[in-house]
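The values are calculated or read from the model by the stated rules, or taken from the named source; none is laboratory data. The structure presented is a predicted model; accordingly, all values stated were derived computationally and were not measured. Virtual Cβ from ideal backbone geometry, glycine too; neighbours counted across all protein chains shown.
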């Protein structure tokens, strides 16, 4: 196994870091304050071919591998987690199509998603909850040559800006959500498809998070992703492949907070010396460094395991599922720990919104919640042992 990053991966890391520091970092505070989705950030990622970096080459994607995708997300999230999420969510929304779609569905949607011309979203969570997928109510009844979709989805990232949303729906009420669910690709502008509430969030505030409303929404049968009744399996496999992206986002948040703290601790003089030389601070920095690097190694190991899996596998092996859940859980816990300690080290300035650490702390929290809460991840991990 290639352990060190390849020269191409090192060049990619350097290029994304340059973009992030020069063109993304300067506006991060303003974007957070305005809480508005930034099409300028989308344009930058399109121009760099980052939105489809691990999409199939035959559809115009970079086909660079899962590790390359996580490197991009990590470096972007190091300065702005909302921008890193653009790459992660593009992959999440398109994954059901890549994993289970037939050739017609792939040919129709993937070319514009791979280049970033179109944005994608994945609609799973409902008001009844996000963890118990088998208890969802969003229904799609078969009528004529299509489906009539009714119900709501909440907390959908990119929901109001996406050109195509892959939606988890119940297509057979008698079999229930676990055995009678399917995935439909719903295009923007489809009659009966509208955007409801826009969420005002603690963190990732320039990321688009909305409610989606389906009211007698007619979706052609050609937009069925995979086989009818396979929705639960498709969604679970989608999340297995998508969790490393959230681990990368969390890792980037932690690394950004650590970098800021190290520089601050070298310059801040207390009792005649830099606070980095006081053990109370120095030991905190040491632990932050240890945990951040451990999270990186677990994430990279997970990528080496998952990127070797054929996308057409029916089901991942227990070890593969376990690593996916472990890297997301550990990295997000690390992000919360590191950002909390970073605020403590910088003190009053760390708590003020004029400085970047309180935003990183707010951004970190969501990584412990979405793509499956860390409590659910620990349940998944224990059941694979």
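Please determine whether any residue of the stretch 59-79 is outside the structural domain of residue 307 (by TED's automatic domain parsing), within 24 Å of residue 364 (Cβ to Cβ) and assigned to a loop (DSSP other than H, G, I, E, B).
yes
Does the stretch 156-169 include one or more residues that are buried (at least 21 other Cβ atoms within 10 Å of the Cβ), in contact (Cβ under 8 Å) with a residue 24 or more places away in the chain and over 17 Å from the mean Cα position of the chain (by Cα)?
Yes, some residue in the stretch 156-169 is buried (at least 21 other Cβ atoms within 10 Å of the Cβ), in contact (Cβ under 8 Å) with a residue 24 or more places away in the chain and over 17 Å from the mean Cα position of the chain (by Cα).
Restricted to the stretch 314-355, and to residues that are loosely packed, with under 13 Cβ neighbours inside 10 Å and more than 30 Å from residue 270 (Cβ to Cβ), which residue is modelled with the highest pLDDT?
Checked the stretch 314-355; the qualifying residue modelled with the highest pLDDT is 319.
Please go through the stretch 1-24 and give me each residue that is buried (at least 16 other Cβ atoms within 10 Å of the Cβ) and touching a residue at least 60 places away in the same chain (Cβ under 8 Å), ordered by number.
Correct list: 9, 12, 13, 16, 17, 20.
Got a number for residues in the stretch 237-271 being on the phi < 0 side of the Ramachandran plot and over 15 Å from the mean Cα position of the chain (by Cα)?
17
Taking only the stretch 42-58 into account, find how many residues are assigned to a helix (DSSP H, G or I) and touching a residue at least 60 places away in the same chain (Cβ under 8 Å).
3
Which residue, of 27, 84, is touching a helix residue (DSSP H, G or I) at 6+ places or on another chain (Cβ under 9 Å), part of a helix (DSSP H, G or I), free of Cβ contacts under 8 Å to residues at least 60 places away in the same chain and within 15 Å of residue 360 (Cα to Cα)?
Answer to the check: 27.
Here are some residues: 302, 367, 384. Which one is at pLDDT 95 or above and within 20 Å of residue 81 (Cα to Cα)?
Of the residues listed, the single one that is at pLDDT 95 or above and within 20 Å of residue 81 (Cα to Cα) is 367.
Residue 308 fails exactly one of the following numbered conditions: (1) farther than 30 Å from residue 235 by Cα; (2) out of contact with any helix residue (DSSP H, G or I) (no Cβ under 8 Å at 6 or more places or on another chain). What is the number of that condition?
(1)
Which ones in the stretch 123-140 are free of Cβ contacts under 8 Å to residues at least 24 places away in the same chain and at negative phi?
128, 132
Give the residue that is farthest from residue 374 (Cα to Cα), with candidates limited to residues of the stretch 109-133 that are part of a helix (DSSP H, G or I) and touching a strand residue (DSSP E or B) at 6+ places or on another chain (Cβ under 8 Å).
In this case the residue turns out to be 109.
Per-residue answers, yes or no, for (1) assigned to a helix (DSSP H, G or I); (2) under 23 Å from residue 65 (Cβ atoms); (3) in contact (Cβ under 8 Å) with a residue 40 or more places away in the chain:
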residue	(1), (2), (3)
250	yes, yes, yes
259	yes, no, yes
276	yes, no, no
295	yes, yes, yes
308	no, yes, no
319	yes, yes, yes
